[in-house]
1. For residues in region B:34-44 being away from chain A (no Cβ under 11 Å) and outside any loop (DSSP other than H, G, I, E, B), which is farthest from residue B:191 (Cα to Cα)?
2. Given the conditions (1) of a type in the set (D, E, K, R); (2) away from chain A (no Cβ under 14 Å); (3) surrounded by 15 or more Cβ atoms within 10 Å (Cβ to Cβ); (4) in contact with a helix residue (DSSP H, G or I) (Cβ under 8 Å, 6 or more places away or on another chain), which single one is not true for residue B:63?
3. Could you check how many residues of region B:248-299 are outside any loop (DSSP other than H, G, I, E, B) and in contact (Cβ under 8 Å) with a residue 40 or more places away in the chain?
4. Which of the residues belonging to region B:69-81 are in contact (Cβ under 8 Å) with a residue 40 or more places away in the chain and more than 9 Å from chain A (Cβ to nearest Cβ)?
5. Would you say residue B:19 is assigned to a helix (DSSP H, G or I), within 16 Å of ligand 2 (Cβ to nearest atom) and either more than 14 Å from every other protein chain (Cβ to nearest Cβ) or not β-branched (Val, Ile, Thr) (or both)?
6. Of these, B:310, B:319, which one is of a type outside the set (D, E, K, R), out of contact with any His (no Cβ under 7 Å at 6 or more places or on another chain), in a strand (DSSP E or B) and over 17 Å from residue B:244 (Cβ atoms)?
7. Tell me the residue from B:116, B:140, B:128 that is more than 10 Å from chain A (Cβ to nearest Cβ), at pLDDT below 95 and over 25 Å from residue B:42 (Cα atoms), please.
8. Could you identify the single residue in B:10, B:47 that is part of a helix (DSSP H, G or I) and of a type in the set (D, E, K, R)?
Amino acid sequence: MAVSVNEAVSTGPGRDHTPSTRRRGGRGRSVLEVALLTVLAVVMLFPVLWMIETSIKENRDVYAIPAKFFDFKVTLDHFKDVFAASGGGRSALSVSFLNSVVVAGVSTALATVLGVPAAWAYSRFSVKAKKDQLFFILSTRFMPPVVVVIPIFLMYRQLGLIDNKLGLILIYTAFNVPFTIWMMKGFVDEVPAEYEDAAMLDGYTRLQAFWKFTLPLLLPGIAATAVFALIFSWNEFVFAIFLTSSDSVRTAPPAIAGLIGGTTVDWGLVAAASVVFALPVLVFAYLVRKHLVAGVTLGAVRR
Amino acid sequence: MGTVAVHGLRKSFGKVQALDGVTLDVPDGSFFVVLGPSGAGKTTTLRAIAGLEKLDAGSVHLDGRDATGDTPAARDLAMVFQSYALYPRRTAYENIASPLRARRCSSSEIAAAVEQMSSLLHIERLLQRRPAQMSGGEMQRVALARALVRRPRAFLMDEPLTNLDLKLRVEMRTELTRIHRSLGGTFVYVTNDQVEALSMADQVAVLKEGKVQQVGTPTEVYERPANQWVAGFVGSPSISLLACHAEGDRLVGAEGWTLPRPRWTTAENGRPLLLGLRAEDLSVEQRGDASLPGELYGLEPLGDRTVVDVQVGTEMLKVKARPTFTGTPGERLHVTVDLDRAHLFDAGTGLALSETGR
Ligand SMILES: Nc1ncnc2c1ncn2[C@@H]1O[C@H](COP(=O)(O)OP(=O)(O)OP(=O)(O)O)[C@@H](O)[C@H]1O
Ligand SMILES: [Mg+2]
């Protein structure tokens, strides 16, 4: 996410200036701009830097007062502890990372498979009360997870989905489908329906026309949408902590949170686990950064 | 093998009534042109025939069989879209091949057909390009090739020549007529260009605001416009209309002029009429007694002829004259009228008066 923040910061202001302010400001303006951006960058990035530093400091340096910024000994012990248990074998944390991969991956795949055709249908066909339906779909996203977690907990208990990866997958899918529909509807609207019309006259069925002609044009949009969904599922904390308890089912966010508490906190381990946890998101965001910005602005322009 | 008949097509988009009871009968093997101004419902008519538009009412019959509920693929038609609708990720070759691929032709058949089409339409050197690498006119020709590559029941063409430059357009007009003659298929051809319609069509249907105004051969539509609007839309320069009424054996203009009453008209005295006069039926040379006094307003030299604007009272007449004609604005002159070729319309309804006596 840091990547997209940086991009937004560096491109945003330049574009938004009206010519008059730019003329009046001249050079002084840009100095002020740089100063503000530096402050912003430090404030935004310091916790991240500190986390990374802590993850590679020896325990002695972690607790040193005054804090050591530069002259500490580098060690990868904390990262080893993230993956390997002290008695040998896998650590509980590494299991939770694996769970996160499964839960986020499967729920994103499900949301994409369900959401993309739905978005296509909303874009192409006249549906009764389309606007109301779309608003209703979106409104499920307004709901803060904490509000619904209790009823869902009760329902899940009846269904035996408590402390079950399937339970998390289902709830994340349910949250990501509306998002996918909304994002993808914008992308589908951008693809002229006449490609499908032409394909149908060529002799293809409507579904073939969608599959062969429209879907390939949607792939960048699908990638961007899927990354958003993936990040949501990967980061999700509230449902995960309420609906799972055992180490073998827990995803990473509650597992990492579980490290804090007790009499002593192993900050080095917490920091290392956080770095490992943040890494996939950063990598994905970096890979699709163009589409992320395009996708977001697309939506902004449309409505 | 390819008749297209639509009956009572109605289609509205929200408040816009795009089609308001369109009925057309396209005979097998004919070059049928649907002519109308922008927004008349031409594209919507074609899409209805193709099965791309859900109709509010009406039926589509193909080869005499009711095809109203059929899928576009089942209708066995080919269409050139106004926006070309070429597949953006595919080369011209793949675009042209698409209808054959969809119908599972062998790749050698496809190669032969695409080659034939591309030489017919002079697009051989474009075959490996994608639409983004082509000009509008080139895309239009590729779109034509994609439609013509197959032998469907009928070809639907939505303004396929509008984006070509004038020279190429005239060439393609002849080319398309030739293709039509050699392929022998049924063409439903949409255009807003009356010259195209008159020069290419076996039959023309004139469409306005979702209603068919007139169907007929180009000559019929030009020589016997069904109403004032068709008369004004077809023909260039457009027809001049003068308010008048009949009085005994004279036509008396609202501007005070009089002309002998045309023999063929039966209009009763005093009924408000519009006299329609085409530029080529008027002359700036005075002969006979059928003439209108006017004042020269302006000249449009067009090379092979000069169009003279003549002001008669507050109304304007467009008169065709020799290219050598000269005059100064404000000059008084007389415009001779060929009353046998004049048109009379009811000023209230705009409908042409019966011309049975002609
Ligand atoms: N999908 C649509 N949604 C709303 N209105 C439409 C739609 N398609 C067509 N219309 C309206 O229906 C009317 C007829 O449109 P149509 O496209 O058939 O006109 P046309 O004769 O093809 O015009 P042009 O020569 O400009 O292509 C127009 O007023 C148009 O605005
Ligand atoms: Mg059109």
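The values are calculated or read from the model by the stated rules, or taken from the named source; none is laboratory data. In this text, all values refer to a predicted model and were calculated from it rather than measured experimentally. Using ideal geometry, Cβ is built from the backbone for each residue, glycine included, and neighbour counts are taken over all protein chains shown.
1. Within region B:34-44, the subset away from chain A (no Cβ under 11 Å) is B:34-42, B:44.
Filter once more, keeping what is outside any loop (DSSP other than H, G, I, E, B): B:34-35, B:42, B:44.
Numbers: B:34: 6, B:35: 5, B:42: 8, B:44: 13 Å.
Checked region B:34-44; the qualifying residue farthest from residue B:191 (Cα to Cα) is B:44.
2. Residue B:63 satisfies every listed condition except (4).
3. 17
4. So in region B:69-81, the residues in contact (Cβ under 8 Å) with a residue 40 or more places away in the chain come out as B:75-81.
Scanning region B:69-81 gives a single hit, B:80.
5. Answer is no for this residue.
6. On the way: B:310 fails: over 17 Å from residue B:244 (Cβ atoms).
It is B:319.
7. Numbers: B:140 fails: over 25 Å from residue B:42 (Cα atoms); B:128 fails: at pLDDT below 95.
When all the criteria are applied, what remains is B:116.
8. Details: B:10 fails: part of a helix (DSSP H, G or I).
Just a single option satisfies the conditions, and that option is B:47.
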